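Asks: A single structure is presented below for examination.
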Amino acid sequence: MGTSVLKSLNDGLHQIMGDDERVVVMGEDLLDPYGGAFKVTRGLSTKYPGRVWTTPISEAGFVGVASGMAIRGLRPVVEIMFGDFLMLAADQLVNHAAKFRWMYGDKVDVPLVVRAPMGGRRGYGPTHSQTLEKHFLGVPGLAVVAIHPLVEPGELLRRAVLEDRRPLLFIENKKMYARSLRRAVNGQIGPMEVFSNDAVYPTMTLAFGGLVGGDVTIVAYGGMVEIAVAAAERLLIEDEIYAEVVVPTELQPFDVQPVADSVRRTGRLVTCEEASRAAGFGAEVSARVCDESFDALRAAPVRVAAHPVPIANAPTLEQKLLPDIEDVVSAVRMAIERPDSSIRAGVG
């Protein structure tokens, strides 16, 4: 069993706090022995008792306090117990932290990191299982990073806390905490070759046999990454469909270039997200690809997402509402079957 995403994040926080005394961690129920709802902060309050603060149940309050601390030179890390509760802090993030740099003539930085455990598949019900980061995409000045097992989460967190000047949402899929990291060995993860750009928060591209032009581009982030990779492997075995899987880590601002480059090789695009489909990340990716690589598209993009209803507690219902491997496989087959003229006919 390799290093888990949870251990990587916990180790990363310990290292970050040891390296820089400006780092302060705050959130609900973080103190040992509880160590936070998902145990990412376990051990921190014991080792750094004056720099881990347990807060009242007031996301707007403590995110606002953290924004002020960031302006004054500290490096606060805020944990939102469940990512659903980000909405309670939306005013502080959207109308304050994200705007301070412009409001004060570029004389202040707001190096604030807000960690948000997000997503379902754990039976927590409609108000504790949502994937809500799409509502923050497109906010000027607010960065959004979504971790996954293909890049060391603890290292990404270190970059966010110690090197980034911006207020930043750090999205952690809850189901992913127990997953082992999937580090590349000799440039490969399983049967797929791995290619990465040189961004601070890199975009990974996985492909069978190199970047020589497959049949379809699958874009997935966060909790959908392992599902997309598993779907790609299944499609190769069952259909001889060669998929390239593109995995962005930074969702806002979004660098479309790796996706556009892949689509130029494959001609088809499928996007995957655990959030509901309307006005989602997949819609933005599809629109941006049409801007950049419309002539390369041989068919209209296909989007995979959750059903547009609240997420149920019952495991069987929750499973039906959230996208899975079968949904991705079906979407790819749909994209492949669409005639080359379909995008110009307006099919979507």
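The values are calculated or read from the model by the stated rules, or taken from the named source; none is laboratory data. Predicted model only: the values in this text are computed from it and were never measured. All Cβ positions, even for glycine, are placed from backbone atoms using ideal geometry, and neighbour counts span all protein chains on display.
Asks: Tell me whether the range 290-297 contains one or more residues that are free of Cβ contacts under 8 Å to residues at least 60 places away in the same chain, in the same structural domain as residue 241 (by TED's automatic domain parsing) and closer than 16 Å to residue 221 by Cβ. Before the answer, list the steps.
Replies: Initially, the range 290-297 is screened for residues free of Cβ contacts under 8 Å to residues at least 60 places away in the same chain, giving 290-297.
From what is left, the residues that are in the same structural domain as residue 241 (by TED's automatic domain parsing) are 290-297.
Now narrow it down to the ones that are closer than 16 Å to residue 221 by Cβ: none.
No, that holds for no residue.
Asks: Now, a different point. Would you mind telling me which numbered condition in (1) out of contact with any Pro (no Cβ under 8 Å at 6 or more places or on another chain); (2) assigned to a loop (DSSP other than H, G, I, E, B); (3) within 18 Å of residue 177 (Cβ to Cβ) residue 85 fails?
Replies: Going through (1) out of contact with any Pro (no Cβ under 8 Å at 6 or more places or on another chain); (2) assigned to a loop (DSSP other than H, G, I, E, B); (3) within 18 Å of residue 177 (Cβ to Cβ) one by one, residue 85 breaks only (2).
Asks: Within the group 20, 11, which residue is touching a residue at least 12 places away in the same chain (Cβ under 8 Å) and within 21 Å of the chain's Cα centre (by Cα)? Break it down into steps so the answer makes sense when it comes.
Replies: On the way: 20 fails: within 21 Å of the chain's Cα centre (by Cα).
From the options 20, 11, the qualifying one is 11.
Asks: Within the range 66-84, how many residues are hydrophobic (A, V, I, L, M, F, W, C), within 12 Å of residue 112 (Cβ to Cβ) and touching a helix residue (DSSP H, G or I) at 6+ places or on another chain (Cβ under 9 Å)? Give the derivation first.
Replies: The initial filter retains those residues of the range 66-84 that are hydrophobic (A, V, I, L, M, F, W, C), namely 66, 69-71, 74, 77-78, 80-82.
Still in the running and within 12 Å of residue 112 (Cβ to Cβ): 66, 69-71, 74, 77-78.
Subsequent filtering for residues that are touching a helix residue (DSSP H, G or I) at 6+ places or on another chain (Cβ under 9 Å) retains 66, 70-71, 74, 77-78.
Count: 6.
Asks: Pick from 246, 200, 212: which is within 23 Å of residue 117 (Cα to Cα), aliphatic (A, V, I, L, M), in contact (Cβ under 8 Å) with a residue 12 or more places away in the chain and surrounded by fewer than 17 Cβ atoms within 10 Å (Cβ to Cβ)?
Replies: Working: 246 fails: surrounded by fewer than 17 Cβ atoms within 10 Å (Cβ to Cβ); 212 fails: within 23 Å of residue 117 (Cα to Cα).
Going through 246, 200, 212 in turn, the sole match is 200.
Asks: When both residues are 6+ apart or on different chains and their Cβ atoms are under 7 Å apart, which pairs have a first residue that lies in the range 132-158 and is more than 18 Å from residue 177 (Cβ to Cβ), and a second that is among the aromatic types (Phe, Trp, Tyr) and crowded, with 20+ Cβ neighbours inside 10 Å?
Replies: 134/281; 137/281; 142/136; 144/136
This table checks each residue for (1) farther than 23 Å from residue 175 by Cβ; (2) touching a residue at least 24 places away in the same chain (Cβ under 8 Å); (3) basic (Lys, Arg).
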{"position": "42", "(1), (2), (3)": "no, yes, yes"}
{"position": "45", "(1), (2), (3)": "yes, no, no"}
{"position": "50", "(1), (2), (3)": "yes, no, no"}
{"position": "68", "(1), (2), (3)": "yes, no, no"}
{"position": "72", "(1), (2), (3)": "yes, no, yes"}
{"position": "78", "(1), (2), (3)": "no, yes, no"}
{"position": "93", "(1), (2), (3)": "yes, yes, no"}
{"position": "102", "(1), (2), (3)": "yes, yes, no"}
{"position": "124", "(1), (2), (3)": "no, yes, no"}
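Asks: Just to be sure I understand, how many residues within the range 172-195 are part of a strand (DSSP E or B) and free of Cβ contacts under 8 Å to residues at least 40 places away in the same chain? Before the answer, list the steps.
Replies: Let us first name the residues in the range 172-195 that are part of a strand (DSSP E or B), namely 172-173, 180, 185, 188-189, 192-195.
Filter once more, so that each one left must be free of Cβ contacts under 8 Å to residues at least 40 places away in the same chain: 185, 188, 193, 195.
Summing the residues that are part of a strand (DSSP E or B) and free of Cβ contacts under 8 Å to residues at least 40 places away in the same chain in the range 172-195 gives 4.
Asks: Check 51, 75 and return the single one that is in contact with a strand residue (DSSP E or B) (Cβ under 9 Å, 6 or more places away or on another chain) and closer than 17 Å to residue 164 by Cβ. Walk me through it before giving the result.
Replies: Details: 51 fails: closer than 17 Å to residue 164 by Cβ.
The unique qualifying residue is 75.
Asks: Next up: Name the residues in the range 147-161 that are part of a helix (DSSP H, G or I), over 12 Å from the mean Cα position of the chain (by Cα) and over 16 Å from residue 111 (Cα atoms), would you? Talk me through it step by step, then tell me what you get.
Replies: Just the residues of the range 147-161 that are part of a helix (DSSP H, G or I), to begin with: 153-161.
Imposing the further condition that a residue be over 12 Å from the mean Cα position of the chain (by Cα) reduces the set to 154-155, 157-161.
Result: 154, 155.
Asks: Identify all residues within the range 43-54 that are surrounded by 19 or more Cβ atoms within 10 Å (Cβ to Cβ) and either under 26 Å from the mean Cα position of the chain (by Cα) or at pLDDT below 95 (or both); write none if there are none.
Replies: Filtering the range 43-54 down to residues surrounded by 19 or more Cβ atoms within 10 Å (Cβ to Cβ) leaves 44-45, 52.
Within the range 43-54, 44, 52 qualify.
Asks: Among (1) assigned to a loop (DSSP other than H, G, I, E, B); (2) within 26 Å of residue 125 (Cβ to Cβ), which single condition is residue 50 missing?
Replies: (2)
Asks: Could you tell me which numbered condition residue 347 fails, if it satisfies all but one of (1) in a helix (DSSP H, G or I); (2) modelled with pLDDT under 95?
Replies: Just one mismatch for residue 347, condition (1).
Asks: Checking residue 65 against (1) assigned to a helix (DSSP H, G or I); (2) under 23 Å from residue 183 (Cβ atoms), which test does it fail?
Replies: Status for residue 65: all satisfied but (2).
Asks: Please work out if residue 35 is assigned to a helix (DSSP H, G or I) and over 25 Å from residue 150 (Cβ atoms). If you could, list the steps in order and put the result at the bottom.
Replies: On the way: assigned to a helix (DSSP H, G or I): no; over 25 Å from residue 150 (Cβ atoms): yes.
It is false that residue 35 is assigned to a helix (DSSP H, G or I) and over 25 Å from residue 150 (Cβ atoms).
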